[in-house]
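As structure tokens, the structure follows; a few thoughts come after it.
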Amino acid sequence: MKNKILLTICLFFLVSTSLIYALDEKESHNLARQAIKAGNKDAAFFNFLAISREPSRSKYREEALFAVGEYYFGISDYHDAFSCLKKLLWDYPESKTKLIALFYIFKIAQIRQNDALAKQCSDKIINLKQVILIFSDVKEYKYTSLFGTKYKIAYYIDKIEFYINGKLSTQISY
């Protein structure tokens, strides 16, 4: 009887702490979105950072990791951007932001003059999507980040172009 009571109490605490965690995570996500709408990217970043540091069971963690990596890259903190984007690719290999994360890592490798990493990233980018261009010259993929950054990836027969907010950022020829 004592064991059943102890087990019930333990289960209660386990379930209640999980519920509190979920509420905090959702609240942080909502606060981050509100901060973005108000134009306060720094406050949004800190909320996304809190979510990104949570265990991987979080339903908001994937997009928070990308947002944090994007923010770090935007302020030229390439070390932390690389770490965050690498963690995103490792923890979420099928992420919808995988291609963009690879482009950011490619750019970081170019900035750091790490030719081996840049080559590895460009090979992954080229081989990531199988694109068939039968009736058109280009295939485009678009994504808008939580911070409102508009990404466009354009696949051509001989190259891939990566646009950020309508400006050509990187081109990889193959």
Which links in Lys107/Lys139; Lys37/Lys142; Lys59/Lys167; Lys37/Lys87 stretch past 29 Å when you go from one Cα to the other?
Lys59/Lys167
Calculate one ³J(HN,Hα) per residue across segment 32-39 by plugging θ = phi - 60° into the Karplus curve 6.51 cos²θ - 1.76 cosθ + 1.60, and present them in order as whole Hz with x for glycine and proline.
5, 5, 5, 5, 5, 4, 7, x
Considering only Phe103, Ser122, Thr144, whose Cα is most displaced toward the positive end of the charge dipole of segment 33-174, charges sitting on Cβ of Lys, Arg (+1) and Asp, Glu (-1)?
Thr144
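Bear in mind that the values in this text are calculations on the coordinates, not laboratory data. None of the values given here were measured: they were computed from a predicted structure. Quick reminder, even Gly has a Cβ in these numbers, built from the backbone with ideal geometry, and neighbours come from all protein chains shown.
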